[in-house]
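Student: Below is the structure I would like to discuss, written out as structure tokens.
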Amino acid sequence: MKATTRFRQLLNSGKMVVAPFILNALHARIAEDTGFEAVYMTGSGTSAEKGFPDVGLLTQTEMVQNARYIARAVSVPVISDADTGYGNPINVRRTVQEYEDAGVAAIHIEDQLFPKKCGFFEGKQVIPQEEMVQKIRAALDARTDPDFTIIARCDAYAVTGWEDAVKRCRAYMEAGADMVFVDGIKTVDDLHAYASDLKDCPRMYNGDLLPTQDVDRMGYKLMICGSTIWLVYKAVRDSFEELKSTGKVNPERYASRWDVANLLGLDNIYEMERKYQVSETRSSV
């Protein structure tokens, strides 16, 4: 079954889809092995892994390449950040084509002015509502797989207020978006207002204000969980500080190289080497 079709089935199952943030294919494999039914490729995390803050410095090509590696590494659906679509509606068309070709199941496109900023950063600006509507129309026209999910992200709450955010989300749904995503939800009250004021819209939530079970009961279709990647920063930093100060990292902190290698399919490589009679020493011709 195609990942796009599987994702649609999950969304229609009556149970909220929970997708942890992942930075790369390794994190995606860990999430899949843990039992998650979908993963979310974060733009913020992808930027961080390349050494940049999330302020629109990565190109479409860099983002799509990461998405392609991730989609190839797992069988579960991949939801991906596609920023602003990297330009006007014509650019959005190519963005959709590239992500669809990369094998992801869904993308979200936001109504920020390019270059964008992380939804929780200050200094965001949004484009006119009608301009975003045209981007959504272009995205829908560009997809070749009708199950490829187009999520309209709205960043207007912090810029033009809640009422405008709700108005925009309704306009984006009317334009044909499959789901809306109000980013920048900072309080539990915000989360309840989001659920109440847009109760008739399929909704995506980004955050960790409440446990996933509580968010599910509020009628959300999709929840992406970002705290999972920022603990990577702390774990790595703590181990580096321990190595610097003591000369050794406590082995209890880390898994073995074999744990990681086996997760990534080392046993399959050995099996193929036997099947194809691959020799470690090759005779010269």
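Read the figures in this text as sums done on the coordinates, not as results from a lab. In this text, all values refer to a predicted model and were calculated from it rather than measured experimentally. Positions of Cβ are backbone-derived with ideal geometry, glycine not excepted, and every protein chain shown enters the neighbour counts.
Student: When we measure straight from the Cα of K117, which lysines land under 20 angstrom away, once same-chain ones fewer than 8 places off are left out?
Tutor: K50, K135, K186
Student: Give the long-range amide H neighbours of T42: residues separated by 5 or more places, or on another chain, with amide H under 5 Å away, using H modelled in the peptide plane at 1.01 Å from N.
Tutor: I22
Student: Karplus couplings for the range 107-119 from phi (6.51 cos²θ - 1.76 cosθ + 1.60, θ = phi - 60°), rounded to Hz, Gly and Pro as x?
Tutor: 9, 10, 10, 10, 9, 7, 6, 8, x, 7, 9, 3, x
Student: So, one more: Hey, quick one: spin label on D200, modelled 7 Å out along Cα-Cβ, who in the range 147-173 has an amide N within reach, i.e. under 12 Å?
Tutor: Correct set: 170-171.
Student: Another question about this same structure. For the chain, calculate the relative contact order in percent as a whole number, restricting contacts to Cα pairs under 8 Å that are 6 or more residues apart. Could you put the intermediate results ahead of the total?
Tutor: On the way: 471 pairs, mean separation 48.0, N = 285.
Worked out over the chain, it gives 17 percent.
Student: Looking only at GluC sites (Glu not before Pro) in DSSP loops with at most 14 other Cβ atoms within 10 Å, what is the longest site-free stretch of the chain? If you can, show how the numbers build up before the last one.
Tutor: Numbers: sites that count: E122, E280.
With a cap of 14 other Cβ atoms within 10 Å, the longest stretch comes to 123-279.
Student: Taking every pair of alpha-carbon atoms in the range 235-275, what share in percent sits in each 5 Å bin, from 0 to the bin with the longest distance?
Tutor: Going from the shortest bin to the longest, the percentages are 6, 21, 17, 14, 12, 10, 9, 8, 3, 0.
Student: For the range 201-285, compute Rg over Rh where Rg is the Cα radius of gyration and Rh is the Kirkwood radius from the inverse mean 1/r over Cα pairs. Please list the in-between numbers first.
Tutor: Details: Rg = 22.2 Å, Rh = 17.9 Å.
Expressed as Rg/Rh, it is 1.24.
Student: Taking the alpha-carbon distance from K15 and a cut-off under 16 Å, which lysines remain once sequence neighbours fewer than 8 residues away in the same chain are dropped?
Tutor: Qualifying lysines at Cα under 16 Å: K199, K221.
Student: Fully extended, how many nm does the chain gain between Y254 and V278 (0.36 nm per residue separation, minus their Cα-Cα distance)? Numbers along the way, then the final one.
Tutor: Working: separation 24, 0.36 × 24 = 8.64 nm, distance 3.21 nm.
Gain in length upon complete extension: 5.4 nm.
Student: Give, in nm to one decimal, the length gained when the segment between Y270 and N24 is fully stretched (0.36 nm per residue of separation minus the Cα-Cα distance). Could the numbers behind the result be given before it?
Tutor: Details: separation 246, 0.36 × 246 = 88.56 nm, distance 2.40 nm.
Between Y270 and N24, full extension yields 86.2 nm more.
Student: Once you wrap a convex hull around the alpha carbon atoms of the range 3-229, what is its projected area averaged over all directions, in nm²?
Tutor: Numbers: hull surface 41.8 nm².
Quarter of the Cα hull surface area: 10.5 nm².
Student: Tell me, what ³J(HN,Hα) does each residue in the range 227-235 have, in order and in whole Hz, if you take phi through Karplus 6.51 cos²θ - 1.76 cosθ + 1.60 with θ = phi - 60° and put x for Gly and Pro?
Tutor: Calculated HN-Hα couplings, in order: 4, 5, 8, 6, 5, 4, 4, 5, 5 Hz.
Student: Same structure again: Excluding G119 itself, calculate the net charge of residues whose Cβ lies under 13 Å from the Cβ of G119, where each Lys or Arg counts +1 and each Asp or Glu counts -1.
Tutor: Working: positive: K116, K117, K124, R153, K186; negative: D54, D81, D83, E110, D111, E122, D155, D183, D190.
For residues surrounding G119, the net value is -4.
Student: Also, quick follow-up: Give me the base-10 log of I(q)/I(0) for the range 196-246 at each q in 0.27, 0.32 Å⁻¹, Debye formula, one uniform scatterer per Cα, rounded to two decimals.
Tutor: Calculated log10 I(q)/I(0) at the listed q: -0.99, -1.17.
Student: 5 Å is the cut-off here: which amide hydrogens, built 1.01 Å from N in the peptide plane, fall below it relative to C225, excluding neighbours closer than 5 in sequence?
Tutor: Long-range HN contacts for C225: A19, F21.
Student: So if a site counts as exposed when it's one of the chymotrypsin sites (Phe, Trp or Tyr not before Pro), its DSSP state isn't H, G, I, E or B, and it has at most 13 other Cβ atoms within 10 Å, what's the longest stretch of the chain without one?
Tutor: 1-253
Student: Now, a different point. Just to be sure I understand the model, the point goes 7 Å from the Cα along the line to the Cβ. What's the resulting R137 to S245 distance in nm?
Tutor: With each label point 7 Å from Cα toward Cβ, the separation is 6.0 nm.
Student: I've got another one for you. Apply the Karplus parameterisation 6.51 cos²θ - 1.76 cosθ + 1.60, with θ equal to phi minus 60°, to every residue of the range 159-172 and state each ³J(HN,Hα) to the nearest whole Hz, in sequence, with x for glycine and proline.
Tutor: For the range 159-172, the Karplus-derived couplings read 9, 10, x, 5, 4, 5, 4, 5, 4, 5, 4, 5, 5, 5 Hz, x marking Gly and Pro.
Student: Roughly speaking, what % of Cα-Cα pairs in the range 36-158 are separated by over 25 Å, rounded to a whole number?
Tutor: Taking all Cα-Cα pairs of the range 36-158, the fraction more than 25 Å apart is 17 percent.
Student: Let me ask something else. Please compute the modelled spin-label separation between E62 and T160, points set 7 Å along Cα→Cβ, answer in nm with one decimal.
Tutor: 3.0 nm
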